[in-house]
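Every number here is computed from the coordinates shown, using simple stated rules; none is lab data. Here the structure is a predicted model, which means the values were calculated and not measured. Using ideal geometry, Cβ is built from the backbone for each residue, glycine included, and neighbour counts are taken over all protein chains shown.
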Amino acid sequence: MIRLLYYAMLAYLVYAVYKFLMGLGRRRQPSKPAPRLSGMMVKDEACDTYVPKEEAIREVIDGKEYFFCSKDCRRKFLNKVKNSG
């Protein structure tokens, strides 16, 4: 019985050392810095919501810049523009 307990503790120790060494390898990789946001919000022309400029989908039509919160809103706006003119 004591021998079984000894082997179980030895197996756990090997496992703990393995996890520790694997964790060291991950920490050495440099992490990506978070993107710096300007704080500027832009209005979505299709649904009238505001989104951060860096995250918005941008579209230029006839030299004017439009911003959208999603591809769906962009598609709706482009369909509306195409049908009206």
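Hey, any idea what Rg/Rh is for the chain, computing Rh the Kirkwood way over Cα pairs?
Across the chain, the Cα-based Rg/Rh ratio is 1.53.
Helix 71-84: angle to the longest alpha-carbon principal axis of the chain, degrees 0 to 90, nearest 10?
The answer is roughly 10 degrees.
What's the FRET efficiency of residue 79 with residue 34 using the Cβ-Cβ distance as r and R₀ = 35 Å, to the nearest 0.05?
Step by step, r from the Cβ atoms, then E = 0.50.
What's the longest uninterrupted piece of the chain once you rule out the trypsin sites (Lys or Arg not before Pro) that are loop residues per DSSP with at most 15 other Cβ within 10 Å?
No qualifying site falls inside 37-85, the longest such stretch.
Can you list residues from other chains, or at least 5 along the same chain, whose modelled amide H is less than 5 Å from the amide H of residue 44?
49, 50, 51
Please give, to one decimal in nm, the separation of the simple spin-label points placed at residue 12 and residue 71, each 7 Å out from Cα toward the Cβ.
Output for this residue pair reads 5.0 nm.
Near residue 78, within a Cβ-to-Cβ distance under 12 Å, what is the net charge of the other residues, with Lys and Arg +1 and Asp and Glu -1?
With Lys, Arg at +1 and Asp, Glu at -1, the net is +3.
For n ≥ 4 DSSP H runs only, could you compute -39500 (n - 2.57) per run for the chain, divide by its residues and tell me the 222 nm figure to the nearest 500?
When only DSSP H runs of four or more count, the value is -16000 deg cm²/dmol.
On the first, second and third principal axes, largest extent first, how far apart are the outermost C-alpha atoms of the range 41-84 in Å?
28, 21, 14
Read phi for every residue in the range 45-50 and hand back ³J(HN,Hα) as whole Hz from Karplus 6.51 cos²θ - 1.76 cosθ + 1.60, θ = phi - 60°, with x for Gly and Pro.
6, 8, 10, 6, 9, 10
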